[in-house]
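Novice: The structure's right below; bear with me while I get my questions together.
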Amino acid sequence: MNQNALKEAVALAALDYIPENGILGIGSGSTVNCFIAALAPKKHLIEATVASSVASYTLLKQHHIPVIEFNQASGIDVYIDGADEINSHFQMIKGGGGCLLREKILATAAQKFVCIVDESKMVKALGNFPLAIEVLPMAQSYVARELVKLGGLPILREGFVTDNHNIILDVHRLPLHEPIALEEKLASIPGLLDSGLFAKRPADSLLLATTTGIQTKERT
Ligand code: 5RP
């Protein structure tokens with residue numbers, strides 16, 4: 001089974017988690033794109049979706065799935081998203097697609113966060129994947145210097161502008177052995193809008209696609 005088939009399989013399995021007559025938060029990325037396609041025939045079961053990116057919004061619209069603005073939603077019942085890495089505590093590195101700021105808002109607001117990944121994303125320790133950081137453009141140099149002080153090597157994602165008109169620094173080599181403390185420290189840097197470290201708000205459920213089937217795990 002190739003990686004794409006695993007993504008399609010886990011996307012189908014995630015249909016069991018859609019909130020009947022509720023608001024469904026939609027993440028971003030290729031696994032979520034598979035989920036949006038799988039959701040299309042079931043769209044009558046939910047009230048509406050809220051998208052974490054312009055790309056997901058556009059795809060939802062193409063599938064005629066109802067989408068509302070987050071400001072119009074009374075809350076998010078379930079949020080479904082992928083990840084670049086996830087550990088056994090269901091803490092994640094996200095943001096490979098550069099949508100981390102809106103993703104973190106929806107994930108944090110959600111009653112339940114369901115992470116859908118293929119087995120290549122499951123790691124013992126977070127940190128092989130560079131940590132994406134969304135930064136206000138005028139603060140790029142200052143934030144980069146602060147990241148170097150923390151032990152990181154920030155690299156500007158060339159030619160990339162986020163949906164919020166900001167830049168992304170991909171940070172290599174950041175010490176990630178205390179993810180919650182690091183996430184808080186990063187959030188305290190002015191001009192640093194958010195990081196792709198999802199430690200304070202881990203996933204509640206993990207759907208893991210393996211070559212032998214879908215594993216479903218709940219955070220304990
Ligand atoms: C986008 C994300 C994605 O969830 C993450 O990059 C995984 O993407 P994919 O499903 O394409 O592997 O955080 O900002």
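Novice: Would you calculate a helix-derived [θ] at 222 nm for the chain, using -39,500 (n - 2.57) for each DSSP H run of n ≥ 4 and dividing by the full residue count, to the nearest 500?
Specialist: Taken over the chain, the calculation gives -8000 deg cm²/dmol.
Novice: To continue, here is another question. Over the chain, calculate the relative contact order: mean separation of alpha carbon pairs under 8 Å at least 6 apart, over the residue count, as a percent.
Specialist: Over the chain, the number comes to 22 percent.
Novice: For segment 96-220, please report how many Lys pairs fall under 28 Å Cα to Cα, leaving out neighbours fewer than 8 apart on the same chain.
Specialist: Here the count comes out as 23.
Novice: How much length, in nm to one decimal, is gained on full extension between residue 138 and residue 21, taken as 0.36 nm per residue of separation minus their Cα-Cα distance?
Specialist: 37.9 nm
Novice: Could I have the simple spin-label model distance between residue 30 and residue 69, label points 7 Å from Cα toward Cβ, reported in nm to one decimal?
Specialist: A separation of 3.3 nm, rounded to one decimal place.
Novice: Given N residues in segment 118-179, what is Rg(Cα) / (2.2 N^0.38 Å)?
Specialist: For segment 118-179, the normalised Cα radius of gyration comes out at 1.21.
Novice: Quick check: the distance between the Cα centres of segment 92-141 and segment 7-42, to the nearest angstrom?
Specialist: Cα centroid of segment 92-141 versus Cα centroid of segment 7-42: 18 Å apart.
Novice: Only bridges with both residues in segment 1-128 count here: give the DSSP antiparallel percent, nearest 5.
Specialist: 10
Novice: Expressed as a rounded percentage, what relative contact order does segment 140-220 have, with Cα pairs under 8 Å and six or more residues apart?
Specialist: 20
Novice: Under the rule a/c < 1.5 gives rounded, and otherwise a/b versus b/c splits prolate from oblate, where does segment 149-220 land using the Cα gyration tensor?
Specialist: prolate
Novice: Then there is this: Based on the alpha-carbon gyration tensor of the chain and its eigenvalue square roots a ≥ b ≥ c, which shape applies: rounded if a/c is under 1.5, prolate if not and a/b is larger than b/c, or oblate?
Specialist: Here the chain falls in the prolate category.
Novice: Also, quick follow-up: Along each of the three principal axes of the Cα atoms of segment 96-206, give the extent in whole Å, ordering the values from largest to smallest.
Specialist: Extents along the principal axes: 38, 28, 25 Å.
Novice: Taking a ≥ b ≥ c as the square roots of the Cα gyration tensor eigenvalues, with a/c under 1.5 meaning rounded and otherwise prolate when a/b beats b/c, else oblate, which class fits segment 1-61?
Specialist: Because a/c hits 1.5 or more and a/b fails to exceed b/c, segment 1-61 counts as oblate.
Just so you know, all these numbers are worked out from the coordinates, no wet-lab data involved. These numbers were taken from a predicted model, which means no experiment stands behind them. Every residue, glycine as well, gets a Cβ built from its backbone with ideal geometry; the counts of neighbours run over all protein chains shown.
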